[in-house]
Amino acid sequence: MSKIAEKLRVATAKPAGAPALLVLEDGAVFAGTSCGAPGEAFGEVCFNTSLEGYLEIVTDPSYAGQIVALTYPQVGNYGVNADDAQAEKPALRALVVRDMCPTPSSWRSQESLGDYLGREGVVAIEGVDTRALVRHIRDAGAQRAVVSTTDADAASLLEKVRKSPTLVGENQVVGVSCGGSYSYGVADLPASHDFALAAPADPRFKVVVYHCGVKRSILDGLVRSGCAVTLVPWDTPADEVLTLSPDGVFFSNGPGDPDAVDATSRAAAALLGRVPLFGICLGHQMMAKAAGAKIDKLKFGHHGGNHPVQNLLTGRVEVTAQNHGFCPRFQSLGALVPELSGGATEHVDDLREWGRRSIAPVVANERFGRIRLTHVNLDDGTAEGFAFLDVPAFSVQYHPEAAPGPTDAHYLFGAFARLMEGRGDYLDIDIATDRLSGWKFGSTTEEEVA
C-alpha cells in the first residue's frame, strides 16, 4: 500500500474500541467493542425498534434500570443536539448497537453520540449482532444482563448478573422524578425546534403534571396545546395538588414496575372524579391500578415507534410510539356491561376480538363506575387505552409526543383540552387531519404556514 493510500486509510478508518461483552442471565453471550464510557452496567435488557431518535431514546427516563438494544443497524449518523434530549441526564444503564457512527453529518449536530455517551458515563457496546439478540429476547423474554468493558470473562459476568437485582418490585421512579415542584411554559420550549413547529397556543389551562419520569417533549406537547404546567414529585399527596386549583392533572410516563409506585396510584385514586385526568404509559397504569386493575409483566415489552393500535371508537389504526414492560389487564377492572358491550357477557382473552366485532366494551367498576376499553394493541391484543364514563378521565399506554415516533397520537393533547372544557365528545377527533397539526414542514414564515 502506498503512503498516500495508507494516510487515507488511517484518516478515514473507524478507530477500534476496547473489547466488550454483553452477557444475559440465561447464559447468552454477545461480543463487541466499547463505544461509550468504560465500565460495567447491569439492568434488564430490552430492544427498541425505532428507525431514528436515538438521543430521545437514550435520554428517556422510562429506561431507568434497563439496557437498551437499538435494532436499526447504524446509530449516531446525524449526531447529537442537546435540545432533543428528553431529560438532563440519561437514565438507562447501557446501550447496545450494531454500528456506532463516529463522524456524524447534520447541520444540527453538536457532538457525536459516542462522545456524548462517554461524557455522560453511559456504558455502550457496538459490533453486536443485534438481529440475533432481538430474536433471542423475543424467544426467551426480557431478562437481566450486563455490559462490561472491564471483565472479559463471560463466566464471571454470568455469575455477577445472576446476583444482580431484578426490575420487578423496584421503584425506579424515585430516581427520575423531580425533587420539588416547578413550572414549565412557553419560555421553556426549545428554540431550535421553531423551524419545524408553529407557535404554541395561548395558555388557558392550569395543569399539574405528576413527574414520574416525564419526557420533555410531553411537556412541550402540553404547553403547545394551551397548558400552563406545574410539575410535582411522584409522591405528592392529592390534597396538595388540589390546593393549586388545576383545570386538569396529567400522570406522566415513567420507568419500572408500576406495582412499586404506590404513592402515585393512591393520588390517582384520590383525584379521580375531582378533576379531569389524563395519563400515559406509567400514568395509564397508575390510573388503572387506582381502579383495581391487575398489572401484567409483558414478555419483552413494547419499545419503539411503529406499534399499531386500534381505536375501538373509530376503527382507525394509529401507529404509535411506546416504551413499557408492563400493562394493565382490562378484564380485571370489572364485569362487562352487556348493553354497552354489544350484548357480550364474557370477557375475551385477546382484546383484538373487540376490534373484529367493532365494539368498545364497557365494564362496571366497583369504585369509579363504567370504564370503556378504547384502544387495543394489534400486535399482541393487550389493553392500550381506557375512558372513564362516569368521571372525567382517560388514559393510554402509548406516547402522543412523537419524540421519536409518528404523529398519529397527537390528537390526545387536544382531547385532554376538550376534557378540561367539559366536552363529552373529547375523544372524537379525526387523527388523519390532526396528525399534521402544528407542523411547519420547512415553511419559514407564519404566512406560509397559513
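Any idea which of (1) small (Gly, Ala, Ser); (2) surrounded by 20 or more Cβ atoms within 10 Å (Cβ to Cβ); (3) not in a helix (DSSP H, G or I) is the one GLY169 doesn't satisfy? If we test GLY169 against (1) small (Gly, Ala, Ser); (2) surrounded by 20 or more Cβ atoms within 10 Å (Cβ to Cβ); (3) not in a helix (DSSP H, G or I), just (2) comes out false.
Do we have GLU384 as under 16 Å from the mean Cα position of the chain (by Cα), over 25 Å from SER245 (Cα atoms), modelled with pLDDT of 95 or more and outside the structural domain of ASP60 (by TED's automatic domain parsing) here? For GLU384, the condition - under 16 Å from the mean Cα position of the chain (by Cα), over 25 Å from SER245 (Cα atoms), modelled with pLDDT of 95 or more and outside the structural domain of ASP60 (by TED's automatic domain parsing) - is met.
If I filter segment 34-56 for residues that are among the β-branched types (Val, Ile, Thr), in a strand (DSSP E or B) and either over 23 Å from the mean Cα position of the chain (by Cα) or surrounded by 18 or more Cβ atoms within 10 Å (Cβ to Cβ) (or both), do I get at least one hit? Yes, the conditions are met somewhere in segment 34-56.
Of all residues in segment 57-74, those that are hydrophobic (A, V, I, L, M, F, W, C) and not in a strand (DSSP E or B) total 3. Residue pairs whose Cβ atoms lie under 7 Å apart, separated by 6 or more positions or on different chains, with the first residue in segment 267-293 and surrounded by fewer than 24 Cβ atoms within 10 Å (Cβ to Cβ) and the second among the acidic types (Asp, Glu), are GLY292/GLU366. Checking ASP60, ASP99, ASP84 one by one, the residue that is more than 25 Å from TRP234 (Cβ to Cβ), modelled with pLDDT of 95 or more and acidic (Asp, Glu) is ASP99 and no other. Set side by side, the residues VAL363, VAL396 differ, and just one is in the same structural domain as LYS215 (by TED's automatic domain parsing) and either at pLDDT below 95 or within 20 Å of VAL275 (Cβ to Cβ) (or both), which is VAL396.
This table checks each residue for (1) part of a helix (DSSP H, G or I); (2) at pLDDT 95 or above; (3) not assigned by TED's automatic domain parsing to the domain that holds LEU24.
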{"residue": "LEU158", "(1), (2), (3)": "yes, yes, no"}
{"residue": "GLY180", "(1), (2), (3)": "no, yes, yes"}
{"residue": "VAL207", "(1), (2), (3)": "no, yes, yes"}
{"residue": "VAL223", "(1), (2), (3)": "yes, yes, yes"}
{"residue": "THR230", "(1), (2), (3)": "no, yes, yes"}
{"residue": "VAL241", "(1), (2), (3)": "yes, yes, yes"}
{"residue": "PRO255", "(1), (2), (3)": "no, yes, yes"}
{"residue": "SER265", "(1), (2), (3)": "yes, yes, yes"}
{"residue": "ALA269", "(1), (2), (3)": "yes, yes, yes"}
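The number of residues in segment 375-429 being in a loop (DSSP other than H, G, I, E, B) and more than 19 Å from LEU222 (Cα to Cα) comes to 10. Of all residues in segment 76-115, those satisfying the criterion of being touching a residue at least 60 places away in the same chain (Cβ under 8 Å), assigned to a loop (DSSP other than H, G, I, E, B) and farther than 15 Å from GLY36 by Cα are ASN81, ALA85, GLN86, ALA87, ARG108.
Considering segment 116-148, and only residues there that are in a helix (DSSP H, G or I) and either among the aliphatic types (A, V, I, L, M) or in contact with an Asp or Glu (Cβ under 9 Å, 6 or more places away or on another chain) (or both), the residue that is surrounded by the most Cβ atoms within 10 Å (Cβ to Cβ) turns out to be LEU117. Filter segment 394-426 for residues that are touching a Pro at 6+ places or on another chain (Cβ under 7 Å) and more than 14 Å from VAL207 (Cα to Cα); which is surrounded by the fewest Cβ atoms within 10 Å (Cβ to Cβ)? Here the answer is HIS410. Specify the residue that is nearest to SER62 (Cα to Cα); the eligible residues are those in segment 299-350 that are assigned to a loop (DSSP other than H, G, I, E, B) and of a type in the set (D, E, K, R). If we take residues in segment 299-350 being assigned to a loop (DSSP other than H, G, I, E, B) and of a type in the set (D, E, K, R), then ARG329 is nearest to SER62 (Cα to Cα).
Got at least one residue in segment 366-377 being on the phi > 0 side of the Ramachandran plot, in contact (Cβ under 8 Å) with a residue 12 or more places away in the chain and touching a helix residue (DSSP H, G or I) at 6+ places or on another chain (Cβ under 6 Å)? Checked segment 366-377: no residue is on the phi > 0 side of the Ramachandran plot, in contact (Cβ under 8 Å) with a residue 12 or more places away in the chain and touching a helix residue (DSSP H, G or I) at 6+ places or on another chain (Cβ under 6 Å). I'd like the full set of residues that are surrounded by 24 or more Cβ atoms within 10 Å (Cβ to Cβ) and among the polar types (S, T, N, Q), limited to segment 225-264. Matches in segment 225-264: SER252, ASN253, THR264.
Among the residues of this structure, GLU111 counts as one that is modelled with pLDDT of 95 or more, touching a Lys or Arg at 6+ places or on another chain (Cβ under 9 Å) and among the acidic types (Asp, Glu). Which pairs have Cβ atoms under 8 Å, sit 6 or more apart or on different chains, and link a residue in segment 381-399 that is on the phi > 0 side of the Ramachandran plot to one that is of a type in the set (Lys, Arg)? Going by the 8 Å Cβ cut-off, the qualifying pairs are GLY381/ARG352. Screening GLU339, GLU446 for residues that are at pLDDT 95 or above, more than 23 Å from the chain's Cα centre (by Cα) and surrounded by fewer than 18 Cβ atoms within 10 Å (Cβ to Cβ) leaves exactly one candidate, GLU339.
The values are calculated or read from the model by the stated rules, or taken from the named source; none is laboratory data. The structure displayed is predicted, hence computed values, not measured ones. Don't worry about glycine lacking a Cβ; one is built from the backbone with ideal geometry, like all the others, and counts go over all protein chains shown.
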